[in-house]
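**Student:** The structure's right below; bear with me while I get my questions together.
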Amino acid sequence: MLSSQIIVMRSYSWFILISFITLLFLSGCDKKEKGVGRYGMLDENTPEYVTIAFLRSIYEDDNLDTAIALSDESLARILTRYHTNGNAQRHLINLKYDTVELTPQSNNDVGRNQYAEKSTITVFFSGMYDGDKIEDIRSIDLKKIDGEWKITKVHPDHFF
């Protein structure tokens, strides 16, 4: 009788150990939020981060809520009137994409953004629309309002 209890306890111990290891592996499989910047490690308090978050909201989200929150008052009013992401892509940025990759390039000196009150970020767009590869550039103006970077204006590509 005692040997059968020991066998049951051992099998129970193995079951608990295997369950714990399985749980440990599965908890490591959480979906990570896609990072911003070249290596996905751009600081949230930089104009580059705000610019990419704004554009991702327009191109990847289901609504414009994040883009509106990252805009100043006048641009937020304009975005609210567009109602949909497609309208914002077509009229505000004048670029439509099915899939897009965004690469920011700052015009300010490196390390000086913490003291700046205004910034202009150039964004390189590369993506697909209706099976065609489209690459373009836009400049985004930002202003620090109440300690947070806000998008104030989207400029068309002035090189063409």
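**Student:** Out of TYR82, TYR49, TYR97, TYR12, report the one residue that is farther than 26 Å from ILE145 by Cα, of a type in the set (Ser, Thr, Tyr) and modelled with pLDDT of 90 or more.
**Tutor:** TYR97
**Student:** Contact list please: Cβ distance under 8 Å, first residue in the stretch 125-153 and among the polar types (S, T, N, Q), second residue in a strand (DSSP E or B) and open to solvent by less than 40 Å² (accessible area, probe 1.4 Å), pairs at least six apart or on different chains.
**Tutor:** Between residues of the stretch 125-153 that are among the polar types (S, T, N, Q) and residues that are in a strand (DSSP E or B) and open to solvent by less than 40 Å² (accessible area, probe 1.4 Å), the close pairs are SER126/VAL100; SER139/ILE121; SER139/THR122; SER139/VAL123; SER139/VAL154; THR152/SER71; THR152/ASP141; THR152/LEU142.
**Student:** Only one of (1) open to solvent by 40 Å² or more (accessible area, probe 1.4 Å); (2) within 13 Å of the chain's Cα centre (by Cα); (3) touching a residue at least 60 places away in the same chain (Cβ under 8 Å) is not met by THR51, so which one is it?
**Tutor:** Of (1) open to solvent by 40 Å² or more (accessible area, probe 1.4 Å); (2) within 13 Å of the chain's Cα centre (by Cα); (3) touching a residue at least 60 places away in the same chain (Cβ under 8 Å), only one is false for THR51: (1).
The values are calculated or read from the model by the stated rules, or taken from the named source; none is laboratory data. Keep in mind that what you see is a predicted model, and the values were worked out from it rather than measured. Ideal geometry is used to build each Cβ from the backbone, glycine not excepted, and the neighbour counts take in all protein chains shown. These accessible areas exclude ligands, DNA and RNA; they are computed on the full protein's heavy atoms, side chains included. Shrake-Rupley method; radii C 1.70, N 1.55, O 1.52, S 1.80 Å.
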